[in-house]
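Before any comments, here is the structure.
The values are calculated or read from the model by the stated rules, or taken from the named source; none is laboratory data. Bear in mind that the values here come from a model prediction, so they are computed numbers and not experimental data. Quick reminder, even Gly has a Cβ in these numbers, built from the backbone with ideal geometry, and neighbours come from all protein chains shown.
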Amino acid sequence: MPAELLPGLGHLLQGWVVKKTSSLAPQRLTCDEVEQLAAASIETLAQKALGEAHQEWGSLADLTQGWIVQRVQGTAPSVLGAEDYRQLVRYALECFTQRDSGTELPSQETGTSVQDLIANENIDENEVLPDGRNVRAVLMEDPFYFAREHLALSL
């Protein structure tokens, strides 16, 4: 079911070849593994939004601990890092955001990203937070900033 909530995730990860442990040979992701990544991406999105992640990348880091991934043929494999986790969580956020607004779901081909959505928002370039940081820059760095602030004030 999580993969149904994140359509196109399999396409996003189609080039990945993963070596999960030193005793297993590298292999492409299976449908079950894509399903697990979808579920972990959704869980991590919720954990980050609610500030409940026991580590920076929550369920995604737990699921992929020790994985060595070759993302594109001809490139050197490496462990998954913050940028990989950010891409998966961002994709989940885009799917939910666009599903709720009734617009077309994002795909790798359209190049829709959280940064694109933020860039399209009507945010004054000179708008700053009370601490002096630029609002657009804060949102580009952390799309969940205002969600966490709102939740903290609501509790």
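Residue-by-condition table, conditions (1) surrounded by 10 or more Cβ atoms within 10 Å (Cβ to Cβ); (2) modelled with pLDDT under 75; (3) touching a Cys at 6+ places or on another chain (Cβ under 8 Å); (4) in a loop (DSSP other than H, G, I, E, B):
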position	(1), (2), (3), (4)
R99	yes, yes, no, no
L105	yes, yes, yes, yes
D116	yes, yes, no, no
L139	yes, no, no, no
R148	yes, no, no, no
L151	yes, no, no, no
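Hey, can you tell me all the residues within the range 121-135 that are modelled with pLDDT of 80 or more and either under 24 Å from the mean Cα position of the chain (by Cα) or assigned to a loop (DSSP other than H, G, I, E, B) (or both)?
N126, E127, L129, P130, D131, G132, R133, N134, V135
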Here the qualifying pairs (Cβ atoms under 7 Å; residues six or more apart or on different chains; first in the range 6-22 and closer than 17 Å to A39 by Cβ; second among the hydroxyl-bearing types (S, T, Y) and surrounded by 14 or more Cβ atoms within 10 Å (Cβ to Cβ)) come out as L6/S41; L6/Y91; G8/S107; L9/Y91; L12/Y91
